[in-house]
1. Contact list please: Cβ distance under 8 Å, first residue in the stretch 302-315 and of a type in the set (A, V, I, L, M), second residue modelled with pLDDT of 95 or more and in a loop (DSSP other than H, G, I, E, B), pairs at least six apart or on different chains.
2. Those residues that are of a type in the set (A, V, I, L, M, F, W, C) and more than 18 Å from Pro336 (Cβ to Cβ), I need them from the stretch 97-122; list them, please.
3. Looking at the stretch 208-222, can you tell me whether even one residue there is assigned to a loop (DSSP other than H, G, I, E, B) and either basic (Lys, Arg) or closer than 22 Å to Pro437 by Cβ (or both)?
4. Residue check, Gly359 against (1) surrounded by fewer than 19 Cβ atoms within 10 Å (Cβ to Cβ); (2) touching a Gly at 6+ places or on another chain (Cβ under 8 Å); (3) over 26 Å from Arg242 (Cβ atoms); (4) in contact (Cβ under 8 Å) with a residue 24 or more places away in the chain, all met but one. Which one?
5. Hey, any hits in the stretch 348-367 for a residue that's closer than 30 Å to Phe124 by Cβ and of a type in the set (Val, Ile, Thr)?
6. Do you know which residues across the stretch 162-196 are in a helix (DSSP H, G or I) and either crowded, with 20+ Cβ neighbours inside 10 Å or more than 19 Å from the chain's Cα centre (by Cα) (or both)?
7. Among the residues of the stretch 408-447, which ones are crowded, with 21+ Cβ neighbours inside 10 Å, aliphatic (A, V, I, L, M) and within 16 Å of Arg365 (Cβ to Cβ)?
8. State whether one or more residues within the stretch 381-388 are surrounded by 20 or more Cβ atoms within 10 Å (Cβ to Cβ) and within 21 Å of Ile328 (Cα to Cα).
Amino acid sequence: MVTALTAGMWALCAGARAGEPGESPGRMYTSTERLLPARLAAARADVERHQASRVAMEALPGLIDFRTAIHLHAEDSDHTGGTLPELLADAKRGNVKIVMLSDHYRPPRDFMEGWRGLRDGVLFIPGVEAKGFLLYPDASIMDVMEAPTDELIARATAGSGLIFLSHVEERVEHPTDGLTGMEIYNRHADAKDDGEVFLAIAAMLGDPGTLAALKESVERYHDEFLACQLDYPSLYLGKWDREMQERRLVGVGAIDCHHNQVVVMKKVDDRTVRIGTILDADEDMQALTADMLPGIAEVVKGYEPGAEIARLDLDTYYHSFRTMSTHILAPELTEPAVRATLRAGHAYVSHDWMCDPTGFRFTARGADDVLCVMGDERPYEAGMRLVAEFPAACTIRLLKNGEEAGESEGRKLEHAADGPGAYRVEAWLRVDGEDRPWIYSNPIYLR
């Protein structure tokens, strides 16, 4: 039975109307509205519809589509809750073939001494998040980690090394000279923008009716729940589109998962609970009383002081992988092949939870019939054709230097290039009445 109080909790969850700067063009609901049980169920129904309509696509000759996790943490800080064995198990479960670690910088420990190579069919590549970058050198660079930025970039990219600008929302004007690429989406940026989601979750924990519904929502609709904050990364993409007009710049997706969003609620006394995460000491958790949320008095009944009443494991590695992936098109699952492929930009970024994107391709051909794939660069010539193909029907946007150059509905877009430029495509899927971004390709550069 939905009581007046329970209805009030869901009203708090619904929050303010959408309309904040930088959100997806097709967005209808706030992040907290997306958490309503009816919204989660409707989103799941559309996800299942898209997946059921999906057709298998053959990979381009000589290439394999490897699902990749970039920018994630395990056993590397006091605010990281996950472990490397747990990460490996979830990668195997989620068919993630490549994990590019981004340890927090912890001198004198050398991050290149972390997991490296194949483990149970998953390729691990060590790296570090430091100085505003994701760095993946091919050998230790600890001697230059405190050196001037130019020297650090030069050493990080020597040989087969890679470096990506990270957390772009904090450094929009940062130059990209000498970089391999940049994050074009970061999950953490959306989480920071939507603090009201965590307030809504705390409020729902404090009432018996919404607590039960909250647990059921996470259990039944984990993907949709975790994706409630996902938005169109207009700030990231705007910078990328501007920079690509001057230089090649590979776009990657940042999961930025620490598996630390495991929310727990513990009883203090018959009128008080504490809410925090698995990383918080009891005294550091937020105290909520029955004076603030009357339902707490009912929630704590039958529990001893100090007992855990609820636990919501929100950002598992498995579900975080499904929320955001980078797909690398490489000839084989080896570190040299992956490094070379990523440097070349043969990759795309995807929100896999909506539909498996495996097989997506974006190519170009000229009069010489030479095939170009994402990341390739060649001189522009009249008559060149751009082709994007998808495993499921979607809304397809072709962009040239960040400006829309064509749009199509279905599984394929064909377009005649109308001059030099950096051409990329986006795919959008309709989920619960909203157009949500699904795939971002790397560009084909026609100079």
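1. Correct list of pairs: Ile309/Val300; Ile309/Tyr303.
2. Phe111
3. Quick first cut of the stretch 208-222, residues assigned to a loop (DSSP other than H, G, I, E, B) only: 221.
Then drop every residue that is not either basic (Lys, Arg) or closer than 22 Å to Pro437 by Cβ (or both), which leaves 221.
So far as the stretch 208-222 goes, yes, one or more of its residues are assigned to a loop (DSSP other than H, G, I, E, B) and either basic (Lys, Arg) or closer than 22 Å to Pro437 by Cβ (or both).
4. The failed condition is (2).
5. Looking for residues that are closer than 30 Å to Phe124 by Cβ and of a type in the set (Val, Ile, Thr), one finds at least one in the stretch 348-367, hence yes.
6. Our first condition is that a residue be in a helix (DSSP H, G or I); within the stretch 162-196, this holds for 168-170, 187-193, 195-196.
If the condition is that a residue be in a helix (DSSP H, G or I) and either crowded, with 20+ Cβ neighbours inside 10 Å or more than 19 Å from the chain's Cα centre (by Cα) (or both), then Val168, Arg187, Ala189, Asp190, Glu196 are the ones that fit.
7. Within the stretch 408-447, Leu413, Ala417, Val425, Ile444, Leu446 qualify.
8. yes
The values are calculated or read from the model by the stated rules, or taken from the named source; none is laboratory data. All of these numbers come straight from a predicted model, not from anything done at the bench. Every residue, glycine as well, gets a Cβ built from its backbone with ideal geometry; the counts of neighbours run over all protein chains shown.
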